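Colleague: This structure is in structure tokens; I'll ask about it shortly.
The values are calculated or read from the model by the stated rules, or taken from the named source; none is laboratory data. Keep in mind the model is a prediction, meaning the values are calculated, not measured. So basically every Cβ, Gly included, is an ideal-geometry build from the backbone, and we count neighbours across all protein chains shown. All accessible areas refer to the heavy atoms of the entire protein, side chains included, with ligands and DNA or RNA removed. Shrake-Rupley method; radii C 1.70, N 1.55, O 1.52, S 1.80 Å.
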Amino acid sequence: MVYTSRNEQLVKPLFDRYTEETGVKITYLTDKAPPLMERLRAEGDRTQADVFITVDAGNLWQAANLGLLQPTESAELQANIPSHLRDPDNRWYGLSVRARTIVHNPQVTPAMSLSTYEDLADPKWRGKLCLRSSKSEYNQSLVATMIATLGAERTEGVVRGWVANLAAPPFANDVAVIEAIAAGRCAIGVVNTYYLGRQKRDNPELPVQPFWPNQDGRGVHVNVSGAGVTAHSDNVEGARAFIEWLSSDKAQALYANENMEYPANPKIDAASLVEGWGDFKADVINVSEAGRLQAEAVKLMDRAGYR
Ligand code: FE
């Protein structure tokens, strides 16, 4: 049995394919990550869950830290998933990569005027920046990895600069940020590229493009969706085989095409629309750092007035 915070229309085709190939039936329960973790905790050794699948390294880190996951030693997973996209203690493995990058309308804001996440704090962008709320785990993870590389003091200065440059109060989601740029309400924003991919799949004329920041430095901030074997699974072998399959070429291609994310397995291409945005250098800091520093990031954003 799988507990997953990924939405059903995304994971069901994968589960069905696994059943077709192996004859193993997958039962699952979907909910948001925090209630699923609470459920795993409350159920303890009575849980039916063998695998936990969720998004964001912060959630995965927390699940591991709460003792809800157990280490999985697997040569196949070690080969398929790069080391910075998995838990150093093997309690979870990234299965897709989510790039959180700058987006702009190239007609209004040329790519040559853009450079880094830090540069978005420069006063030249006053009244031009749109961000999603700091309550988003995605922004918490972005800021957490900035703390890890730039230090807390410098990061806080950057976040204060972002807040000073906002064109509008923080938005509830990434889609709203993309729409506000398309509408000319803001010049630049920061979003996960799969939202842009899904919007452009429906509307190829949408005048918003990704820009890859920090290419001369640490690279684009990436996060993961991932999976781990639950601490109290009574089908550890089956759970491991399923996660191994999810990391395989076929499943990775299926997953990436469906959701417009990047495959975690570097041998596999993203969807053609996504490939069309070109290659970029990604930040290879271990994504578990985002989890470790998430609470500090939340406090820092609060101090900096980022709501
Ligand atoms: Fe998302």
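Colleague: Identify, please: which residue in region 201-224 is over 15 Å from the mean Cα position of the chain (by Cα) and within 16 Å of the ligand (Cβ to nearest atom) and is, among those, surrounded by the most Cβ atoms within 10 Å (Cβ to Cβ)?
Modeller: PRO210
Colleague: Sticking with this one: Taking into account only those residues within region 99-135 that are open to solvent by 10 Å² or more (accessible area, probe 1.4 Å) and within 16 Å of the chain's Cα centre (by Cα), which is farthest from the ligand (Cβ to nearest atom)?
Modeller: Looking at the filtered set, the residue picked out is SER134.
Colleague: Which residues, counting only those in region 167-195, are over 24 Å from ASN59 (Cα atoms), within 16 Å of the ligand (Cβ to nearest atom) and surrounded by fewer than 20 Cβ atoms within 10 Å (Cβ to Cβ)?
Modeller: GLU179
Colleague: Next question. Looking only at residues in region 54-93 that are acidic (Asp, Glu) and within 16 Å of the chain's Cα centre (by Cα), which one is nearest to ILE285 (Cα to Cα)? Working first, answer last.
Modeller: At the first step, the residues of region 54-93 found to be acidic (Asp, Glu) are 56, 73, 76, 87, 89.
Checking the rest, the ones that are also within 16 Å of the chain's Cα centre (by Cα) come to 56, 87.
Working: ASP56: 14, ASP87: 12 Å.
Applying the filter and picking the extreme gives ASP87.
Colleague: Something else: Please note which helices (runs of 4 or more DSSP H) are completely contained in region 241-307 and include at least 2 residues that are under 19 Å from ALA148 (Cβ atoms) and out of contact with any Leu (no Cβ under 6 Å at 6 or more places or on another chain). Don't jump to the end; show me each part of the working.
Modeller: Values: elements: 249-259, 272-275, 288-292, 294-303.
The qualifying helices (runs of 4 or more DSSP H) are 288-292, 294-303.
Colleague: Considering only region 144-166, I want to know if a residue exists there that is within 16 Å of the ligand (Cβ to nearest atom) and closer than 20 Å to ARG307 by Cα.
Modeller: Keep residues of region 144-166 that are within 16 Å of the ligand (Cβ to nearest atom), which gives none.
So far as region 144-166 goes, no, none of its residues is within 16 Å of the ligand (Cβ to nearest atom) and closer than 20 Å to ARG307 by Cα.
Colleague: Which one of these does GLY58 not meet: (1) touching a residue at least 12 places away in the same chain (Cβ under 8 Å); (2) away from the ligand (no atom under 16 Å from the Cβ); (3) within 29 Å of GLU275 (Cα to Cα)?
Modeller: That leaves (2) as the condition not met.
Colleague: Oh, and also: So PRO210 clears everything in (1) closer than 30 Å to LYS12 by Cα; (2) assigned by TED's automatic domain parsing to the domain that holds TYR138; (3) free of Cβ contacts under 8 Å to residues at least 40 places away in the same chain except one condition, right? Which one?
Modeller: (3)
Colleague: Given the conditions (1) open to solvent by 30 Å² or more (accessible area, probe 1.4 Å); (2) closer than 19 Å to GLU20 by Cα; (3) touching a Gly at 6+ places or on another chain (Cβ under 8 Å), report the number of the one that ASP249 does not fulfil.
Modeller: In the conditions (1) open to solvent by 30 Å² or more (accessible area, probe 1.4 Å); (2) closer than 19 Å to GLU20 by Cα; (3) touching a Gly at 6+ places or on another chain (Cβ under 8 Å), ASP249 misses (3) alone.
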